[in-house]
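Taking it in order: structure first as structure tokens, then the write-up.
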Amino acid sequence: MAHVTPAEPLKRNVYEKELRKLQARLCLLQEWVKQEGMRVVVVFEGRDAAGKGGTIRAITERVSPRVFRVVALPAPSSREKSQMYLQRYVPHFPAAGEIVIFDRSWYNRAGVEPVMGFCTPEEHDRFLIGCPIFEKYMVDSGILLLKIWLEVGKEEQQRRFEARIDDPLRQWKLSPMDIKSWTRWYDYSKARDQMLAATDTPDAPWYILRSDDKKKARLNCIRFLLDQIPHKRVKRPKVKLPRRSTRGEYDDAAPLEGKNFIPDRY
């Protein structure tokens, strides 16, 4: 990669070239994860508009969804609200040969829920006490757990929110909940600090990713994952396409004549 100072933005062609290299390495990683039967959980959390979605897309757009599985749960149903809090997440944990990426996770109870009043202070405290125990059990069972917090600055977050207001391609990202939580920057900061103090443990540490520059954040994140998930290149047999059989040969284009085709507009 060309030398770039931390304050210097990445040129698009440099970013795309480096992204392609890293995505090719992710494809090699997934073969190793499958062969070795690894189980990996990657948790993405962070402030609103910190770039979680774009980072996850950069990780997953060139790999198999059967290996890299993204979990983004909706608001809990009335039945799920009556369950033990962590219960709804466990069924989504990986089996052998899978990497599960949580786009938001059980850490809702450490962030949006206490800030927006969706849980009681007692429920919040109970989560902060029990979560490290739960995660130690995950790690002891053989799951590789990586927790990534995307941190975006106040001014950059405002710029991204304002960009969503009039852009029809991004308006869907601006939910009523985003508007309600917009004014509570410091409440979220305090919740983040409490979360890190309670759950940044030797068994399951947090890793903070600065995301004011989206391109650099995506590249840094993929490099981090490649470094943290031990892997080797899997030898693949050389593939040569065999000759197609002409047995039963016929004009198989003729039956399509007169059928409904989508117009060629491009």
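Extension gain for F118-Q194 works out to 25.7 nm (0.36 nm per residue, less the C-alpha to C-alpha distance). Ranked by the mean number of other Cβ atoms within 10 Å of their residues, highest first, the peptides 143-154, 253-264, 125-136 come out as 143-154, 125-136, 253-264.
Cut-off under 17 Å on the C-alpha distance; same-chain residues fewer than 8 positions from K238 excluded. Which aspartates and glutamates are left, in chain and number order? Within the straight-line limit of under 17 Å, K238 reaches these aspartates and glutamates: E31. Applying 1/(1 + (r/R0)^6) with R0 = 22 Å to the Cβ-Cβ distance of Y137 and Q35 gives a FRET efficiency near 0.25.
Taking a ≥ b ≥ c as the square roots of the eigenvalues of the Cα gyration tensor, the stretch 1-151 is oblate, since a/c reaches 1.5 or more and a/b is not larger than b/c. For K180, the aspartates and glutamates whose Cα comes closer than 17 Å to its Cα, not counting residues fewer than 8 places off in the same chain, are D48, E113, E162.
Before I look further, what does the stretch 134-184 give for accessible area per residue, probe 1.4 Å, in whole square angstrom?
Per-residue value: 60 Å².
Only helical DSSP H runs with n ≥ 4 go in: add -39500 (n - 2.57) per run for the chain, normalise by residue count and round the 222 nm mean residue ellipticity to 500 deg cm²/dmol. Don't skip to the end; give the middle numbers.
On the way: 9 runs with 112 residues, N = 266.
Here the helix-only value at 222 nm equals -13000 deg cm²/dmol.
Peptides 92-101, 69-78 ordered by packing proxy, namely the average of other Cβ atoms within 10 Å per residue, highest first: 92-101, 69-78. What separates the Cα centres of the stretch 198-266 and the stretch 62-114 is a distance of 22 Å.
Taking only protein heavy atoms and a 1.4 Å probe, the accessible area of the chain is 53% carbon and sulfur. Can you spot the lysines whose alpha carbon is less than 27 Å from K215's alpha carbon? Ignore those fewer than 8 places along the same chain. Within the straight-line cut-off, K215 pairs with K11, K17, K21, K52, K147, K154, K173, K232.
What FRET efficiency, computed as 1/(1 + (r/R0)^6) with R0 = 35 Å and r the Cβ-Cβ distance, is obtained for D125 and R236, rounded to the nearest 0.05? Given R0 = 35 Å and the Cβ-Cβ separation, E is 0.10.
The values are calculated or read from the model by the stated rules, or taken from the named source; none is laboratory data. Since we're looking at a predicted model, the values are computed, not measured. Don't worry about glycine lacking a Cβ; one is built from the backbone with ideal geometry, like all the others, and counts go over all protein chains shown. Remember, those area values only see protein heavy atoms, side chains included, never the ligands or the DNA or RNA. Shrake-Rupley method; radii C 1.70, N 1.55, O 1.52, S 1.80 Å.
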